[in-house]
Structures are given as structure tokens and as C-alpha cells.
Amino acid sequence: MEAIILIIGRSLIVYLFIITAIRIFGKREISQLSVIDLVFILLISNSVQSAMVGGNITLFGGLVAAATLFVANYIMGELFFRSKRFSKFVQGEPLMLVYEGKPIEEHLKKTKISHDELEAAIREHGVAKISEVDLAVLERDGNISVLSNNYKRKTIRKRKANEIFSREIV
């Protein structure tokens, strides 16, 4: 029983460490991962595996670690849903990257998004140039949302993530 408790404790520590590290070092959309980012993620997962299960390399030890991560992830999702303050602390807030066709350099530097990466994300939304973008936002989940001149009608939904921007647009 002691071995199971150790695996659960170690798995929770690794889970919280990885969340903290991602929060500190930035977030990117999965489709924006470079080869280096992907290799880094694979190496991190491999390096922390033994830290979670310790010397217990049995199937049962691995299942206990995986189950702990699933439960921790579920609890984290519930906490995000129930506490706006906790969600904001862990996930951060949406950040405007482009406003009325002009990149916000300070925000690009803060998020470490290059102009090339921004342009690629904008093209994925069917917009040719940054100057044609009304608004581009790095969302909490790492996705980049884009509103462009191609939209005939703009609507603003009062959602938690958009409260900041709805005041600035209107």
C-alpha cells in the first residue's frame, strides 16, 4: 500500500510541476509546435516517467500513475470551471496580438511569438496579411483567434475570456 501512495504522490508532484513549467515558459497551440517543441515534450514525458513510478516498473505501477494523472486532470478541470480566480492564475488570460491591422509588439515579445509564426497562424484563418486583421488574440488554451475584414458583421459574445476585449472593441 505504501508503494501505491508513493506513486500517487510522485505523479501529483510531476503533474503540478509540468503545469507550472508550461505556465512559466509559455503556451503554444499543438499545431504550432515545431519539431524541437515536439522532441522536447517527448523527452520530458520520458524523463519524468521514472520519477512518477520510482522503482515500481510494473504494469500496475504504470496504471496507478496514469489513473492519478487522469483524476488530477479531472479535478483541475473542475477547479477551473468553479473558480475564475484559480483558472486565471493557472491558465492566464487571453492576450491581444493584433489590433486593427497592427501587431502589438510588446505582447508578441511577452509570448515569444515571432512575426513569421503570427503570419502563419493568420493565414490558417484565411487572411493573407496582418494588416487585414481586425483582432488576433492568443487564447488561454494557446489557440490564436482571428477576426478579419472578411467578416461582414462582427458580434461580441460576453464570455469570460472576451470581457477584456469587448470593452476595447466597442
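No value in this document is a laboratory result; all are computed from the given coordinates. What you see is a predicted model; the values in this text were computed from it and never measured. Here the Cβ is made from the backbone with ideal geometry for all residues, glycine too, and neighbour counts use every protein chain on show.
Spin-label point model (7 Å from Cα, Cβ direction): what's the K129 to S145 distance in nm?
Result for the modelled spin labels: 2.6 nm.
With a point put 7 Å past each Cα toward its Cβ, work out how far S50 is from E105 in nm, to one decimal.
4.7 nm
Calculate the FRET efficiency for A67 and F89 from the Cβ-Cβ distance with a Förster distance of 22 Å, rounded to the nearest 0.05.
Details: r = 26 Å, r/R0 = 1.19.
After rounding to 0.05, the efficiency reads 0.25.
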